[in-house]
1. All but one of (1) within 16 Å of RNA strand B (Cβ to nearest atom); (2) in contact with a Leu (Cβ under 6 Å, 6 or more places away or on another chain) hold for A:Phe171; state the number of the condition that does not hold.
2. If A:Met520 satisfies all but one of (1) part of a helix (DSSP H, G or I); (2) in contact (Cβ under 8 Å) with a residue 60 or more places away in the chain; (3) crowded, with 19+ Cβ neighbours inside 10 Å; (4) more than 13 Å from RNA strand B (Cβ to nearest atom), what's the number of the condition it fails?
3. Looking at the range A:62-73 only, could you name the residues that are within 12 Å of RNA strand B (Cβ to nearest atom) and of a type in the set (A, V, I, L, M, F, W, C)?
4. Looking at (1) within 13 Å of RNA strand B (Cβ to nearest atom); (2) part of a loop (DSSP other than H, G, I, E, B); (3) modelled with pLDDT under 90, which is the one condition that is false for A:Pro558?
5. Out of A:Lys464, A:Lys446, I need the residue that is of a type outside the set (Asp, Glu) and in contact (Cβ under 8 Å) with a residue 12 or more places away in the chain. Which one?
6. In this structure, does A:Arg42 turn out to be out of contact with any Phe, Trp or Tyr (no Cβ under 6 Å at 6 or more places or on another chain), over 17 Å from A:Glu85 (Cα atoms) and in contact (Cβ under 8 Å) with a residue 60 or more places away in the chain?
7. Pairs, please: C-beta under 6 Å, at least 6 apart or cross-chain, first residue closer than 30 Å to A:Leu426 by Cα and in the range A:548-574, second within 11 Å of RNA strand B (Cβ to nearest atom) and of a type in the set (Gly, Ala, Ser)?
Amino acid sequence: MYKTHTCGELRATHAGKQVTLAGWVHRRRDHGGVIFLDLRDRYGIIQVTVNPDLSKETLEHVANVRMEWVLQVTGTVHKRPAGMENPKMQTGEVEIIAESIDVLNPAKTLPFMVSGENDLPDENTRLKYRYLDLRRERMSRNMILRHKVVKFMRDFLDKQNFIEIETPILFKATPEGARDYLVPSRIYPGQFYALPQSPQQLKQLLMVAGMDRYFQIARCFRDEDSRGDRQPEFTQLDLEMSFVHRDDVLALVEALYTDMIPRVAPRKKLLSSPWPKFSYKEVVEKYGTDKPDLRFGMELIDVSDIFTKSDFRVFQSAIESGGVIKCIVAPGCADYSRKEVDALTESAKALGAKGLATLAVTGEGLKGTAAKFVKSEEEEAVKSKVGAKEGDLILFAADERAVVNKVLGGLRVIFRDKLDLADPDLMAFAWIVDFPMFAWNEEEKKWDAEHHPFTMPQLDDLPKFETNPAEILSDAYDMVCNGYEMASGSIRIHRSDIQLKVFQLLGLRGDEIEQKFGHMLEAFEYGAPPHGGMAPGVDRLVMLLADEPNIREVIAFPKNQTGRDVMADAPSEVEPKQLKELHIQIKE
RNA sequence: GGUCCCGUGGUGUAGCGGCCUAACAUGCGGCCCUGUCAAGGCCGAGAUCGCGGGUUCGAAUCCCGUCGGGACCGCCA
């Protein structure tokens with residue numbers, strides 16, 4: 001070993017000990033005589049004091065030492081002289097009086113500073129030199145937090161009799177869902193493996209195999225455009241249980257998170273325990289989204305009934321064409337300028353609205369774009385229904401129901417950020433249940449599975465397969481937190497007759513079903529237990545716990561938004577020989 | 001595929017028609033300095049302002065295009 005101790009562990013109790021440390025030069029302070037070097041490793045930073053009584057040779061090469069050089073230092077731990085302690089450092093009571101210093105490796109001048117948290121370089125520069133970026137304390141802390149989260153999950157589930165099983169990365173393409181990443185086969189010309197979008201089928205087959213309680217920290221791959229909370233490859237805690245109902249799965253995951261968060265992120269507080277449960281329909285009507293941020297109010301309020309006889313053309317036509325009028329109340333925003341309201345209108349339009357009507361409640365009565373159309377009885381009715389006070393701004397959307405919800409749901413989040421309505425230390429978990437089973441795909445004129453095709457429809461709704469598929473509810477559930485979808489799961493179909501009905505409704509032909517899913521249907525005929533599970537996202541959870549704005553900050557080597565690995569420069573072209581072996585020709 | 005925002009020494013910012021021969025901080029090089037901890041002081045090197053075109057007497061600054069990046073919509077069972 002190059003060292004006897006870590007830089008972070010030394011305290012006053014070590015005083016008098018001779019130690020050898022190895023690490024990076026975090027900062028240097030050269031006073032001409034005495035030189036201070038802050039030496040850093042993963043565990044912390046400690047001050048190394050180089051006194052001028054060392055050999056001339058040592059002093060000469062210490063004078064050359066720069067930031068991020070790798071040193072091995074042998075010296076004695078001393079309590080610092082009175083008044084010289086640094087309370088900002090964990091090791092601030094002590095210092096190492098250097099006896100010998102070896103340069104294990106010098107470093108070129110870095111493209112950016114590792115010490116200090118401010119003035120981060122452009123993100124692509126950070127990604128290009130990710131191994132340097134990860135030296136920063138914040139990134140190192142994120143990696144450690146992530147480790148703790150995953151470790152807690154493993155330990156918790158192990159205690160609950162779960163076993164961790166690895167499933168293949170090279171698997172089969174599926175027609176449903178996200179675009180697959182394909183891997184060409186060398187041995188079978190023209191055939192491809194697919195990287196798993198999730199181990200969905202495999203974990204269900206493990207239930208058929210009697211594995212009973214399975215989990216995996218599973219890498220998943222989806223060839224879709226990235227976002228702050230979406231990467232081409234990401235990690236889920238994939239789990240599946242046999243002989244359970246919906247609430248058994250929810251209870252397990254809720255217990256896992258409720259136990260974990262105080263242990264790994266003590267600053268974080270749960271908004272409520274137990275977590276609230278909303279139906280999909282309820283939550284969309286109230287918050288305009290199926291992944292609401294429950295840390296603040298500003299709920300959507302339906303005021304259609306107040307404006308049934310409105311003089312306002314926009315309201316009239318919405319009602320006449322079967323739509324709704326809903327609103328949100330932005331507290332204290334009545335004094336918004338024309339410019340600010342215009343910006344909100346633009347946002348509303350981007351979300352699909354035709355426009356945005358506003359009422360500002362002021363000391364001189366109503367103002368805003370809808371003010372002159374609002375009758376006095378309507379004014380009173382609205383104010384009392386939405387609880388608007390003087391100084392508030394009411395924003396209305398009038399359109400078909402889905403559009404209204406989406407627009408106001410989007411504006412609600414904009415106000416959250418504008419007005420700082422959400423406490424960053426709160427974790428507002430909730431369950432969303434009773435999702436629709438199918439959604440009509442207008443473009444392709446077919447039914448799509450809202451969750452995935454293995455989701456169990458609610459048994460009461462089975463007759464609706466023939467009458468009204470849109471009304472079929474499924475036994476699917478989501479876990480949401482602070483406006484993010486944190487997990488998704490369902491009770492699965494374990495009967496091949498129901499599975500067949502679903503495939504047929506999705507428009508899959510018999511031969512297609514056989515080719516794509518024959519192995520699943522066959523498996524279900526050999527005694528499949530009732531089962532269900534879910535898959536909480538690891539990246540998003542760690543992101544929230546680490547107070548990071550995107551999941552790239554909690555992934556060691558992420559892709560950028562355009563799906564590129566900036567450090568290794570992937571994807572990249574390959575040798576013609578490789579293509580030839582894979583029977584692939586590039587079309588120009 | 002679409003909308004919006006950003007692109008100035010190694011890094012982070014300022015400058016937003018002429019005072020820019022581009023400023024500040026930090027890093028880098030040199031000198032001074034024995035108790036600092038974002039050490040300090042002095043000196044110095046380092047940028048044709050992403051790229052291309054246009055407007056103008058004059059462009060880092062305005063316009064168009066393009067490339068790169070980010071946020072969002074679509075997409076993400």
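1. If we test A:Phe171 against (1) within 16 Å of RNA strand B (Cβ to nearest atom); (2) in contact with a Leu (Cβ under 6 Å, 6 or more places away or on another chain), just (2) comes out false.
2. Only one criterion in (1) part of a helix (DSSP H, G or I); (2) in contact (Cβ under 8 Å) with a residue 60 or more places away in the chain; (3) crowded, with 19+ Cβ neighbours inside 10 Å; (4) more than 13 Å from RNA strand B (Cβ to nearest atom) is unmet by A:Met520, namely (4).
3. Once the filter is applied, which keeps residues that are within 12 Å of RNA strand B (Cβ to nearest atom) and of a type in the set (A, V, I, L, M, F, W, C), the range A:62-73 yields A:Val62, A:Ala63, A:Val65, A:Met67, A:Trp69.
4. (3)
5. Residue meeting the stated conditions: A:Lys446.
6. Criteria met by A:Arg42.
7. Filtered contacts from the range A:548-574: A:Asn550/A:Gly228; A:Gln561/A:Ser226.
Per-residue answers, yes or no, for (1) over 20 Å from A:Pro276 (Cβ atoms); (2) in a strand (DSSP E or B):
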{"site": "A:Asn405", "(1), (2)": "no, no"}
{"site": "A:Leu411", "(1), (2)": "yes, no"}
{"site": "A:Arg416", "(1), (2)": "no, no"}
{"site": "A:Asp423", "(1), (2)": "no, no"}
{"site": "A:Ile432", "(1), (2)": "no, yes"}
{"site": "A:Trp440", "(1), (2)": "yes, yes"}
{"site": "A:Glu444", "(1), (2)": "yes, no"}
{"site": "A:Trp447", "(1), (2)": "yes, yes"}
{"site": "A:His452", "(1), (2)": "yes, no"}
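The values are calculated or read from the model by the stated rules, or taken from the named source; none is laboratory data. Values in this document were obtained by computation on a predicted structure and should not be read as measured data. Methodologically, a virtual Cβ is constructed for each residue, glycine included, from the backbone with ideal geometry; neighbour enumeration extends over all protein chains shown.
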